[in-house]
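Mind having a look at this structure? Questions to follow.
Nothing in this text is a laboratory measurement; each read-out follows from the coordinates by a stated rule. None of the values given here were measured: they were computed from a predicted structure. Quick reminder, even Gly has a Cβ in these numbers, built from the backbone with ideal geometry, and neighbours come from all protein chains shown.
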Amino acid sequence: MTPSPFVEPDGPDVPEVPGVPEVPDESPGARAARVDVVLPCLDEAAALPWVLDRIPDGWRAVVVDNGSSDGSAELARTSGAFVVQEPRRGFGAACHAGLLASDADIVCFCDCDASLDPGLLRAFVEEVRAGTADLVLGRRRPAGRGAWPAHARAGNLALARMLRRRTGLRLHDLGPMRAMRREALVGLGLTDRRSGYPLQMVVRAADAGWRIEERDVPYLPRAGKSKVTGTWRGTWHAVRDMRAVLAEAPRTADAGRARTTDGAL
């Protein structure tokens, strides 16, 4: 694949944030900021071509096969993606395996079901690379009938409210599309390997004082049925996992309130 077009720019000093490595001050052209997009995958052969075709040039798609039986892994491999096998079932297990397999400076996450366009991650990466945010999240906006079932939206809203009570962070969505620096994310020591992984990432980032931003993204009807929120039962299990994450004690003494990049509490 072609070298990444993203290069660390010169700019003002960036204040040090606990748990987040200082953004290197490098002259243009000194070193490309490599980007990996981790795509947890379980039987997504129907969606993979669309998703992989939208990975920005110069970035690497890391497809983590979580036990597919529809040829997803081979399809991804022949399409040029880097394929990781994770036999332990669980969204968090697949995401974390992709994170550990990555050696990029910046790592992104995106669903592999064609509900989200990974090309939109360009803007997320620019914010992280520029040092204006440590974690950029995609706020899903339904862009088609049936894109976001009512029970899934209700569960997401409830979790957003619980997250606010736990951290003070005012987010509207806990969606899967996001970008951050890989080394900083590894440093958070995430332990959830089920549906709570995306929430634990936000909670521990907030506890560490990360600057967290939210950006609107279109949310399209997915290819196939969701393994997590496709049913009321799946949604309940996801909420249960996430409630356990929210019950964790803050990892720092001053973690009672988190902040977004606009300073809102």
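Restricting to Cα atoms and excluding each atom paired with itself, what does the Kirkwood estimate give for the range 35-246 in Å?
It is 17.0 Å.
Also, I was wondering about something else. Average the reciprocal distances over every distinct pair of alpha-carbons in the range 91-213, invert the result, and give the Kirkwood radius in Å.
Values: mean 1/r = 0.0668 Å⁻¹.
Computed over Cα pairs of the range 91-213, the Kirkwood hydrodynamic radius comes out at 15.0 Å.
Find the relative contact order for the range 35-246 and round it to a whole percent, using C-alpha pairs within less than 8 Å whose residues are 6+ positions apart.
24 percent
Same structure again: Starting with the fewest neighbours, write out Phe82, Phe91 ranked by other beta-carbon atoms found within 10 Å of each beta-carbon. Intermediate results must be reported in sequence, preceding the final value.
Details: Phe82 17, Phe91 24.
Fewest-to-most ranking of Phe82, Phe91: Phe82, Phe91.
Would you list the P(r) distribution for the range 61-135, with all Cα-Cα distances sorted into 10 Å bins from 0 and each bin expressed as a whole %?
It works out to 18, 47, 29, 6, 0, in whole percents.
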